[in-house]
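Below is one structure, written out as structure tokens, with a few remarks after it.
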Amino acid sequence: MKLYRVMKEHKLRQTVFYNWLREAGLIQKADTGYVIGENALPGMVTITSLEQAPDGSVLREQTQVVIEDEEIPELLALYAKSGLSNLYQEEDRQVKPDQIKEQLHYLTKLVLAVQEEVHQIAKRLEKS
């Protein structure tokens, strides 16, 4: 799993998490992103992705660090024992009414589409 996804799924504070990873030597900042550091845990590897132009030429190379799922608990335990403060994101962020309306509108459209699909399937089953 990409470290960014680990951070998101476990609601870790991004700046604290990445600073700790660098200071602990688990990752290093590179021109292309992040690569594994000299103290990388087992199961940590660097992956490279290429952004290509329509003609196939490379526009940008990006590196990221991933960790095997089995090693995530150890990583999180080390992070928790780091002694740093503000390890986790704050909860209960206020959702704006416009966001709720937008999500409700999207979900309503989705339910209507599913209902229509079920109706079409029922019609086909009646004919057979």
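The values are calculated or read from the model by the stated rules, or taken from the named source; none is laboratory data. The model shown is predicted, which means the values in this text are computed figures rather than measured ones. We place every Cβ from the backbone using ideal geometry, glycine too, and count neighbours over all the protein chains shown.
I'm trying to understand the selection: among the residues of region 6-16, which are part of a helix (DSSP H, G or I) and under 19 Å from residue 70 (Cα atoms)?
Residues satisfying the conditions are 6, 7, 8, 9.
Go over the candidates 128, 49, 57 one by one and state the one that is hydroxyl-bearing (Ser, Thr, Tyr) and either in contact with an Asp or Glu (Cβ under 8 Å, 6 or more places away or on another chain) or modelled with pLDDT of 90 or more (or both).
49
Output the residues belonging to region 15-26 that are without any contact (Cβ under 8 Å) to a residue 60 or more places away in the chain, under 14 Å from residue 86 (Cβ atoms) and of a type outside the set (Val, Ile, Thr).
Listed by number, the residues that qualify are 18, 19.
Which count do you get for residues in region 51-105 that are within 27 Å of residue 22 (Cβ to Cβ) and of a type outside the set (Asp, Glu)?
The number of residues fulfilling the criteria is 27.
Would you confirm whether any residue within region 70-90 is among the aromatic types (Phe, Trp, Tyr) and modelled with pLDDT of 90 or more?
The answer is yes, given that some residue of region 70-90 is among the aromatic types (Phe, Trp, Tyr) and modelled with pLDDT of 90 or more.
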